[in-house]
Amino acid sequence: MTLPDLREQVCAANRALEPSGLVRLTWGNVSGIDRAAGLWAIK
């Protein structure tokens, strides 16, 4: 996985939080990690 791919997955997951009812407004976040590639992304 590349860093841009991981960032896009994290972004998509963060955008889905509020519509799914898991958070309100901007509360909460999603992070992602690819241990094999040594990559991480945080909102």
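The values are calculated or read from the model by the stated rules, or taken from the named source; none is laboratory data. All values reported here derive from a predicted model rather than from experimental measurement. In this analysis, Cβ positions are derived from the backbone assuming ideal geometry, glycine residues included, and neighbour counts consider all displayed protein chains.
For the range 35-42, the criterion of being surrounded by 13 or more Cβ atoms within 10 Å (Cβ to Cβ) and either of a type in the set (Phe, Trp, Tyr) or touching a residue at least 40 places away in the same chain (Cβ under 8 Å) (or both) is satisfied by at least one residue. Looking only at residues of the range 17-36 that are not polar (S, T, N, Q) and not in a loop (DSSP other than H, G, I, E, B), we find that the one that is modelled with the lowest pLDDT is Leu17.
Among the listed residues Leu39, Leu25, identify the single one that is in contact with a helix residue (DSSP H, G or I) (Cβ under 7 Å, 6 or more places away or on another chain) and of a type in the set (A, V, I, L, M, F, W, C). Explain how you work it out, then say what you get.
Working: Leu25 fails: in contact with a helix residue (DSSP H, G or I) (Cβ under 7 Å, 6 or more places away or on another chain).
Being in contact with a helix residue (DSSP H, G or I) (Cβ under 7 Å, 6 or more places away or on another chain) and of a type in the set (A, V, I, L, M, F, W, C) holds for just one of Leu39, Leu25, which is Leu39.
Of the residues making up the range 5-34, those that are of a type outside the set (A, V, I, L, M, F, W, C) and surrounded by fewer than 10 Cβ atoms within 10 Å (Cβ to Cβ) are Pro19, Ser20, Gly21, Arg24.
Among the residues making up the range 24-39, those that are of a type outside the set (D, E, K, R) and either within 13 Å of the chain's Cα centre (by Cα) or farther than 25 Å from Leu3 by Cβ (or both) are Leu25, Trp27, Gly28, Asn29, Val30, Ser31, Gly32, Ile33, Leu39.
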